[in-house]
Amino acid sequence: MSGIMIILLLTIIQFIAGFGLINLFKIDLKPGLLISLAILLGVAVFSVMPFILQLAFIPLTSANIFISIIAATALLNIKFRSGLARLKELWSTTRFKIKIYEIPFVAMIIFIVFVSAWRCFYFPPTPRDLTSGAEVIAEYAIREKTMINSVFSVNLESTNNIFKPPYITCLQIIYKYAGFAFGQIWLSTIVACFIIFLYHALTLTIHRIFAGLLVLFFMAIPEMFAYTFMVLFDYSNAVFFFLSVWFLYLFFQNQQRNYLSFAGLLMAIATYIRSETLILACLMVPAIVWYHWKNKTGIVKGLISSAFFVVPSVLAYIISVSIYINRYLPVQYNIQGQVNKNLGDLSPFFTRFSDINSQLIFSDTGVGYYGYFIYLFIGLLLLELVIKRRLNNTTRNWLYAVLVIYLGFPLLGYLLPLLDLNNSTKRGLFKIFPLMLLYMAHNSLLVGWSQRIAKWEMK
Amino acid sequence: MKKKKTARTATTSSPQPVPASPAAKPAARQTAPAATNGFKGFILLVTSIMALLIFFGLTPNKFWFDQRIMPYWEDFKEQKLNLDLEERKLARYQTDYLFAKNVAGFFEKRGSADKVLVLVPPTDYFNAHGLNIHVPEPAVFYYFSGLKTIWANSPEASKANWYITAKGGGLMFDTVTNKQALLDTIAAFNKYKISL
């Protein structure tokens, strides 16, 4: 079977698995959002299955893995009757229509995604974090049918990359078994679907020309683009963190608790990918409590909603770190030893905050890393503040999420000194960009201009 | 009138960004997609192209496109003709991979690749001896070649049963027959900083 057919088949299975999950949570979305989200969720479901087998000490043979994936897909579609009805409705209402002025942006985005996907397919995993961690474990898991394999008998004093949650390892195992010697191509699935999701999310509030331009700005963040074909944890982490916040804010709009639970699940996936996301999830709690307080639904309800949002992440952390890394891996890893011993001294927080601003954001190096994206965000924010002199609830919410990352990373650097500036923080900041993008999509000036263009267009 | 209503579904009805619903509309409520006047569509198309040109006219974007996207596209045209896995690995890992494979090859020929633990020097040691070799860390070495290696600064270094040194501008492979010689080699390697 050719590579393209295999990718297609895997993507279809991912869609079915993800769609089942969306259906279980009764999430109602427009087709462009739903299809891309379903595939993204399917990738997450894939990433969990070899891990579950490993926890149960079931050998990671190709048969076991693919049977478990099929079983999980079937289980997630247990409400297949309602799912099928929704699919039929979706099919009957879906009109894939592209407007002529979307073509330049869409063509450019497809070209850039293609270039990235090819590079992702062609080259073997590159970052040292991967070749001394998830990738080498995946490679030997294929040979030895377990993730707890001979890699752990090697001299590992120069790396802690083997002590990362097994998200990448699992996906690498699956894709290597599927016939891709270097695995990796799952990242292109994530990138393509995320771009589609973002584009459709932006078109909910702004004109398609603005949406195309903003998505292009997002794709052209040089450092982030590099990680669309170099596999590491941060791109996927940014995707699921963003999705979680997006659904949390949908809950703020529609007050349906299933959306809140779904946001919690997405945050759990983000935590499974990068364990320190748990702290960022906790930093979102004030927004939830504030929402309930402001709507006079009570602090208690706010705390219950916060639990819905955070508890899945805590569970993901306990299973992937406390249980798996501490109890299953043959080599000891002192996680508590990674935490700052002198928490009374706040100076590392301010030093890191200052370094992030002076080195990663407001510098020539920063422009090299992130292009003009942050400046575009600041420019639009200032314009909105100066011209409109007020921010509405939705923009404030997105700005809060931006603030969570902006202050969250100095906090993480203060709590976990090993989280360095030039690698972990630089890549961790990827999470801020989709949030900034959604702020821009709700910027009242852009929304106003969008409405004027749309009105003129239809006259 | 109907067209006007439909147009508003693309955005919101107030200049304030009241979020549009991301939920799918029930089939009964579906309206025909908003149609754009052909001439206005053309004007917007020209606007899109202009926006794209301005976007790629900005220095960081232009630099990114010229230095990344276009060279990658040129690479693709060549790469699609050469899908050999080993060449792809070599293209990416370069001499690190070659070095690991060559060292492993030495032991594979002797049929002992899966039995040895090889003490490898830091990169700085090779550089100081005139060899331009970057030594991958043991986990990466194992990934490249399946050979278990160990750094000199490891407490387990004395368990190595082979070691590699530089001699006469080349590599010297020695089996450990004399424990003292191994300890001396460890001490010599430890004078150099390990770089990853």
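Under a model in which nothing but the beta-carbon of Lys, Arg (+1) and Asp, Glu (-1) is charged, chain A shows a dipole of about 1640 debye around its Cα centre.
In straight-distance terms, cross-link reach from A:Lys455 covers every one of the lysines whose alpha-carbon lies under 18 Å from its own, apart from those fewer than eight places away in the same chain; here that gives A:Lys99, B:Lys2, B:Lys3, B:Lys4, B:Lys5, B:Lys40.
What shape does the range A:51-168 take by its C-alpha gyration tensor, where a ≥ b ≥ c are the square roots of the eigenvalues and a/c under 1.5 counts as rounded, a/b above b/c as prolate, and the rest as oblate? Oblate. Taking 28 Å as the limit for the C-alpha separation, the pairs B:Lys167/B:Lys193; A:Lys341/A:Lys426; A:Lys30/A:Lys459; A:Lys176/B:Lys148; A:Lys30/B:Lys77 exceed it in the case of A:Lys30/B:Lys77.
Taking all protein chains into account, the per residue accessible area for the range A:257-337 stands at 45 Å² (1.4 Å probe). Contact order, relative form, for the range A:257-337: 39 percent (alpha carbon pairs under 8 Å, 6 or more residues apart, mean separation divided by residue count). Normalised per residue, the accessible area of the range B:38-81 is 61 Å², obtained with a 1.4 Å probe and no contribution from ligands, DNA or RNA.
Reducing the range B:119-196 and the range A:195-214 to their Cα centroids gives an inter-centroid distance of 54 Å. Excluding ligands, DNA and RNA, the accessible surface per residue across the range A:16-101 is 47 Å² with a 1.4 Å probe.
Phi angles of the range A:243-250 translate, via the Karplus equation with coefficients 6.51, -1.76, 1.60 and θ = phi - 60°, into HN-Hα couplings of 4, 4, 5, 4, 6, 4, 6, 5 Hz per residue; Gly and Pro are given as x. Each residue of the range A:364-371 was assigned a 3J(HN,Hα) from its phi angle through the Karplus curve 6.51 cos²θ - 1.76 cosθ + 1.60 (θ = phi - 60°); the sequence is 4, 4, x, 5, x, 6, 10, x Hz, with glycine and proline shown as x. Couplings 3J(HN,Hα) for the range B:148-165, derived from phi with the Karplus relation 6.51 cos²θ - 1.76 cosθ + 1.60 (θ = phi - 60°), are 8, 10, 8, 7, 5, 7, 7, x, 8, 4, 6, 7, 4, 10, 9, 8, 10, 10 Hz, where x marks Gly and Pro.
Between B:Phe106, A:Trp449, A:Ser358, the Cα set farthest toward the positive side of the dipole of the protein assembly as shown (charges on each charged residue's Cβ, about the Cα centre) is that of A:Trp449. Summed over both chains, the area buried between B and A is near 7100 Å², taken from the accessible surface of protein heavy atoms with a 1.4 Å probe. Here A:Lys301 is the anchor, and the lysines within straight C-alpha reach of less than 25 Å, apart from those fewer than 8 places off in the same chain, are A:Lys26.
Dividing the helix sum by the residues of chain A, where each DSSP H run of 4 or more adds -39500 (n - 2.57), gives a mean residue ellipticity at 222 nm of -21500 deg cm²/dmol. Comparing each chain alone with all protein chains together (probe 1.4 Å, DNA, RNA and ligands left out), the residues of the range B:82-97 losing at least 50 Å² of accessible area are B:Arg88, B:Arg92, B:Tyr93. Among the aspartates and glutamates, select those whose C-alpha is under 19 Å from the C-alpha of B:Lys101, and discard any that sit fewer than 8 residues away in the same chain. Leaving aside aspartates and glutamates fewer than 8 places away in the same chain, those within reach of B:Lys101 are A:Glu135, A:Glu139, B:Asp84, B:Glu86, B:Glu87, B:Asp114, B:Glu137, B:Asp174.
Given axes a ≥ b ≥ c from the Cα gyration tensor, I'd like to know whether the range B:93-188 is rounded (a/c under 1.5), prolate (a/b larger than b/c) or oblate. It is rounded, given that a/c, with a ≥ b ≥ c, falls under 1.5. Got a number for carbon plus sulfur as a percent of the protein assembly as shown's accessible area, 1.4 Å probe? Ligands and nucleic acids excluded, carbon and sulfur reach 64 percent.
The values are calculated or read from the model by the stated rules, or taken from the named source; none is laboratory data. Nothing here was measured: the structure is a model prediction, and the numbers come from that model. For neighbour counting, all protein chains shown are included, and Cβ atoms are generated from backbone atoms with ideal geometry for every residue, glycine included. The accessibility values were calculated without ligands, DNA or RNA, using every heavy atom of the protein model including side chains. Shrake-Rupley method; radii C 1.70, N 1.55, O 1.52, S 1.80 Å.
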